[in-house]
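The values are calculated or read from the model by the stated rules, or taken from the named source; none is laboratory data. None of the values given here were measured: they were computed from a predicted structure. Here the Cβ is made from the backbone with ideal geometry for all residues, glycine too, and neighbour counts use every protein chain on show. The accessibility values were calculated without ligands, DNA or RNA, using every heavy atom of the protein model including side chains. Shrake-Rupley method; radii C 1.70, N 1.55, O 1.52, S 1.80 Å.
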Amino acid sequence: MSNYLDLSIQEINKLLKEKQIKPIDLVNECFDRIEKNKDLNAFITLDKENAIKKAIELEGKEVDNPLFGIPIALKDNIITKDLRTTCASRMLENFIPIYNATVVKKLIEKNMIIIGKCNMDEFAMGSTSRTSYFGAPLNPWNKERVSGGSSGGSVVAVASRQIPLTLGSDTGGSIRQPSSYCGVVGMKPTYGRVSRYGLVPYASSLDQIGPVSRNVYENALLLNIIAGKDELDLTSSRKEVEDYTRLIGEDIKGMKIAVPNYFMSDIVDKEIKDKVNEIIELLKEKGATIDYIDIDFIENAVTIYQIIVMAEASSNLARFDGIRYGYSCENPKDMEDLYKRTRQEGFGTEVKRRIMVGSYLLSGENANVYYNKALQIRDDLKKSFEKAFEKYDLIIGPNATTVAYGINAKLDDPRQTFFDDALVMPTNMAGLPGMNVPIGFNNENMPIGLQIIGNSFEEAKMYKLAAFIEKELNLNLDPRGENNG
Amino acid sequence: MNKLSREEVEHVAHLARISLEENEIEKYQIDLKMLMDDVDKIKDIKNYDEEMLITPVSHKAELRKDEVGEMLDYKEAMKNVPRSNGNFVEVPVMINE
Amino acid sequence: MDSYKTTVGIEVHAELKTKSKIFSSSANNYGKMANTCTNVIDLGYPGVLPTLNEEVIKLALRAALVLNCKINKTMHFDRKNYFYPDNPKNYQITQNRTPIGVDGYVEIDTNNGKKKIRIHDIHIEEDTCKSVHSSNKSLLDFNRAGVPLVEIVTEADMSSAEEAMAYLEKLRELLLYADVSDCKIEEGSMRCDCNVSVSKTEKYGTKIEVKNIGSISNVGVAINYEHDRQIALLEKGETLKEETRRFDDKTNSTVLMRVKETGNDYRYFPEPDIPYVTLTDEYVKEVEENIPMTADKRKEFYLASGISEINIKKIIQNRTVSDYLNKFIDKKINLVIASNLLLGDIAAYLNKYEMTLENTKLTDDKFVEVVNALDSGKINSKIFKEILEDVMEQDLSLDKILDNHGVKEMSKDELLDIIKNILDNNEQSVNDYKNGNDRAIKFLMGQIMKETKGNANPTLVTEELTKMLEK
C-alpha cells in the first residue's frame, strides 16, 4: 500500500494536479489505515461506498483548490444528510438526517471526500470521550490513556495518521484539550466565524466547529474553507474571511504576548508548566515580549461555564422526545411515559445528569440566581479579556492541567470533567479563538500542548505564532511504531 | 455525605422529563448535590455590572426577507418519525386538551 | 349577589400576515394538506437554527404602535421551556424580558363613555403545531409550527362581558386595519384567552383562565357563565382554585382542563441563537408613517364627507370597501354617491355573481366617471341600474356604454323643443300653474320626463320649465 497520506497536503495537491495520483488512491489508503487502527475506536460510522463513488466522480474534475480530493472525517455531532449522525448517543443510534450542516456543504463544494463520522463524548458532554455510547476512543500514544474529549475521535484519527484532517467542535475546550492530549493542532475559531447550522448544539452560546490537523498550515487551509457568514446562522459573522495561512512564516519579533498568572498557577502540573516555560524562553529569545498578567474572573470560568453549559444543554436536548426522530421507547402508555422513558433509555448517565442540573438551574427563581448572574459575569470576563487585548497580540498558556490520564481513571466525580477543561473554557466564555499547538512530551512520552488565544477574528496571527513554534521545535508527532508506517 | 432529598431529585427529573430507576435515585442524590454545591460558588462572585452577555457576538441580528423557500415533501418530513399516521405525526393522546 | 365585582384580563394571540414563517422560510399558509408546509427548522431537527423574518418585526411594531405602546428598541428573544407534543423543540421562542411593546392602551366605548384598557405588553412568538385528537391518540400537523404570532396581554381592566367584547372588537379592528393580521377567529388566526375573577372586596378574586373561545360573542357568554359559576361556588362557601377551563360552545359553558401547577415553571432564558435586534428611530418612524389609515381616522373622514353613520359602520365592517373608497379621496368625487354605489348596486352585483371588485371590468377611472355622471345628473340611478352589468363586465368607457344603450345626452335645444311642445299641448295645466296650483308643475314635469325617456337631467328640466312658465 502506498503512503501518500504521509505527505503534506501541498505535496498531495501537486500529485493530484499532475495526475500522478487519483483521489481514489487517497480514499483506499485512508480506509486501509482506518482498518489497521480499528482498536483506537476513532470512528462511529464509515461511508466507504459513497467516499469511493465521490473519489471516482472527482477523476473527471479539475483540481481547483488545495483541499480537492482530500479525505476528511467529521465529529459525529455534525449533521450529514443520508449519513448516520449519532452524537455518540443511543438516542440517535439510527438517526439518518435529511439535511446537511453548512460546513458539510462547504466541504462538498470544495470536493473534499467525507470518509465518516468520528467518535466523541455523548452529545459532546465530557472531557475524555468515555461517555460515548460506542465506547471510548484510545490515545494513540498510549492505548491505556484517554484521548481527551469531547472531540476524542476527531483528534485520535488525525494523531494516528488515519486521515489528515477532521472537524471537531469546541464548547469548553473540546477541540483543544484532546489535541493537547494527543499531539495534534486543533483550532477553536472565534465564535461566529464558522456556521453552527447543522452542529447539534450542546451549549449554543459556546459551541464552535473547528479544524483538527497534523500541522499548523493544514489547519489554516481547512479554516479557510469552513469560515464565513451563513444566512442560516444569525450568530455567524459577516466579517470578511481572510487567507488564514497568510502570516505563516513571518517573524515573531516584536510580538506582545501575555501569560495569565492563573494559567501557571498550582492547578497545572509542574511538567506542563516546565514545558510552557521553555517556550516562553524561546519566544523571548526570538524577540517577543512576554508579560504575566491577571485577567479578572478567569478563575471563575469553571463556575459560570458549568451553569451556562448545563442550563443551555437542558433546553437544547429537550427536543429529543421520541416524537419526530431518534429513539422512542416501546409501547408508551401516555405522553408523559413517552417522554420520560424515551429520555431515560436514550440518554446516558452524564447527559441526564447535566440536563437535570440544567433544568434545576433555570427553574423558578434559580434562573436569576444562577443563569442570569453567570451571563453578567461572563460579560465581565469578556471585558477583561478585551482589556488585555488592548495591549497584547496574543495570550498563551497550557491547554490542559495534566497530560492524558489513564483510561480507567474513575468517572465518579461529576465535576472532574469540568476541572479538566479549566484552562480552555475561558475563551469560549469570551467567544475568543483558541488553539493547541504541540510543544513536546513528558517523560512518559505523552504529548503536551500550548494554548494560544487570540483577539476576535485574529486567527491568522495565532497561526503565525503556532507555525513559528512548530518550526522551531520540529517535533516528531507521529505516534506510529516502525511497523506501523 | 451531603445529598439532595429524594423529592428534589424526583422534581428535577420531572422537569427534565426523565424517569429514574430506583437504584439511580440515590446516585443522583449525591451527584446532583455535588454539582449544585459547585455552581453555588457563583453567589460569592462580585460582578462589575448588571450587563448580560447572551451571545458573545457583537453584531446585531440580521433579518431575513419575507420570502418562501424550499419545503420538505411530506414523505421526507415523515422519514424519521417513529410513529406516523398517514401524513400526520402520531403521539399518545395529549392530556391537556 | 350584585355586590360582586367581575374583573377580566385578556390575552390575544394574533397570527401575522406574512408569506413565510417567523424563524424559517416555510410558507405561512392556512388550510394546506398536513405537514406539507414544513422544513427541518419547523420540525425542530437537531442542529437547526432560527433566522428572523423582517416582516414579522415590521408587523409586530405596527401592532405595538397602534396599541399606543412604548417600544423596546433593543430587544432579544427568550426560550420558554415546556414539554408538549405541539411544541417541536420543547421550547418556544418568545419574548419575555424585552417584549417589542409595553404599557399601551386601547380605548373602548362603554355605556359610561370612553374607557382605556391598558395593554401590559405585546410580544412576538412562534405558533405551535396543530393537533387533532381521538380517544387514544393525537395527530400532529406541523404546518402551523413557526407561524408568527403576536401575543397581546391586557391589564385586568375590564369589568364586564360587554367591555371584554368591546375591547376585542376594537382590537380586531385595529389589527385588521393596520394589516397586521387577518384576525379570523374561526380559522384560529386570532385566539382569545380570558382571565376572569369575581370579588366582593378591592382585592382580586381567584383567577380562572378560559381558553379556546371561538368567537367574540362567545367571550361574552363565557365571562357571564364564569361570573355566575364562580359566585355560586363562593356563595356555597367554597374556595376557588386557580385553574384553566375550556369553553364548550355546544353547552355554552366552561369545562375544567387543568388545575394550575404551583407557579408555571417555564425556565425562561435569553435565546442565544438570536443576537439582539435593534430598531433605529428612523426605522420606527418609517414603519409608523406607513401604517394604513386606522378605522377611527376613516370614520372621522367619512363623517366629514357627509356619509351617514349607518353607511360608515357598514363600510368599516368591510375593509375592501373602505380601501376602495379611500382610493378616491384625492379625486374629489362625491363620496356619498360613491359609498351608496359600493354598498348598494355594486355590492348586490358582486354578491349575485360571487365576485370581487378586482375581477370586474370596473376600473378606477370608470368608477369616477359613473360617480360624476350621477352627481351632475348626467345619468340617474335608474339608468345606472340598466347599464350596471355592462359597466362591470365590459372594457368600455361610460359614454360608450350609454351610447350602446341608446342613452344619449339630450342637447339643450332638443330639450327646449320638447318642453315647448308639452306646454303647447297642455294649456290647462299652464293656466293652473299661473293660478297658483303647484301640482300643475309636477304633472308637466312628468310629461316631459316621459317624452325624454328619462334621458334629461331633472334639475335642468325643472330650471328650464320654470323659466318658460314664468315668461
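A single member of C:S199, C:S135, C:S189, C:S159 is closer than 30 Å to B:D73 by Cα and more than 14 Å from chain B (Cβ to nearest Cβ), and it is C:S189. Of all residues in the range A:167-180, exactly one satisfies the criterion of being farther than 15 Å from A:F419 by Cα and either open to solvent by 10 Å² or more (accessible area, probe 1.4 Å) or over 8 Å from the mean Cα position of the chain (by Cα) (or both), namely A:S180. Note on the range A:351-448: enclosed helices (runs of 4 or more DSSP H) holding 3 or more residues that are more than 20 Å from the chain's Cα centre (by Cα), within 9 Å of chain B (Cβ to nearest Cβ) and of a type in the set (A, V, I, L, M) are A:373-391. Among all positions in the range B:68-90, there is no residue which is within 30 Å of A:N368 (Cα to Cα), at pLDDT 95 or above and either assigned to a loop (DSSP other than H, G, I, E, B) or in contact with an Asp or Glu (Cβ under 6 Å, 6 or more places away or on another chain) (or both). The lone criterion from (1) at the interface with chain A (Cβ under 7 Å from one of its Cβ atoms); (2) farther than 30 Å from C:M257 by Cα; (3) in contact with a helix residue (DSSP H, G or I) (Cβ under 8 Å, 6 or more places away or on another chain) left unmet by B:L63 is number (1).
One residue stands out in the range A:354-366 among those that are of a type outside the set (F, W, Y) and open to solvent by 10 Å² or more (accessible area, probe 1.4 Å): the one that is nearest to A:A318 (Cα to Cα), namely A:S363. Only residues that are at pLDDT below 95, open to solvent by less than 60 Å² (accessible area, probe 1.4 Å) and out of contact with any strand residue (DSSP E or B) (no Cβ under 9 Å at 6 or more places or on another chain) were counted in the range C:258-288, giving 1.
On the basis of being open to solvent by 60 Å² or more (accessible area, probe 1.4 Å) and either touching a helix residue (DSSP H, G or I) at 6+ places or on another chain (Cβ under 9 Å) or among the hydrophobic types (A, V, I, L, M, F, W, C) (or both), does C:E393 make the cut? No: the conditions fail for C:E393.
A search for C-beta distances below 7 Å between a residue of the range A:87-116 that is farther than 18 Å from A:P201 by Cβ and any residue that is of a type in the set (S, T, N, Q) and open to solvent by less than 10 Å² (accessible area, probe 1.4 Å), counting only pairs 6+ apart in sequence or on different chains, returns A:E93/A:T86; A:I114/A:T80. Between C:T244, C:T239, the distinction of being β-branched (V, I, T), at pLDDT below 95 and open to solvent by 50 Å² or more (accessible area, probe 1.4 Å) belongs to C:T239 only. Restricted to helices (runs of 4 or more DSSP H) entirely inside the range C:290-396, those with at least 3 residues that are among the basic types (K, R) are C:295-304.
In the range C:143-150, the condition of being away from chain A (no Cβ under 14 Å), open to solvent by 20 Å² or more (accessible area, probe 1.4 Å) and touching a strand residue (DSSP E or B) at 6+ places or on another chain (Cβ under 9 Å) is met by at least one residue. Residues in the range C:5-22 that are touching a strand residue (DSSP E or B) at 6+ places or on another chain (Cβ under 6 Å), in a loop (DSSP other than H, G, I, E, B) and either open to solvent by less than 10 Å² (accessible area, probe 1.4 Å) or outside the structural domain of C:V219 (by TED's automatic domain parsing) (or both): C:L16, C:I22.
Residues in the range C:89-108 that are in contact with a helix residue (DSSP H, G or I) (Cβ under 7 Å, 6 or more places away or on another chain) and open to solvent by 10 Å² or more (accessible area, probe 1.4 Å): C:K89 only. Among the residues of the range C:177-216, those that are closer than 19 Å to C:G146 by Cα and in a loop (DSSP other than H, G, I, E, B) comprise C:V180, C:S181, C:D182, C:C183, C:K184, C:G188, C:S189.
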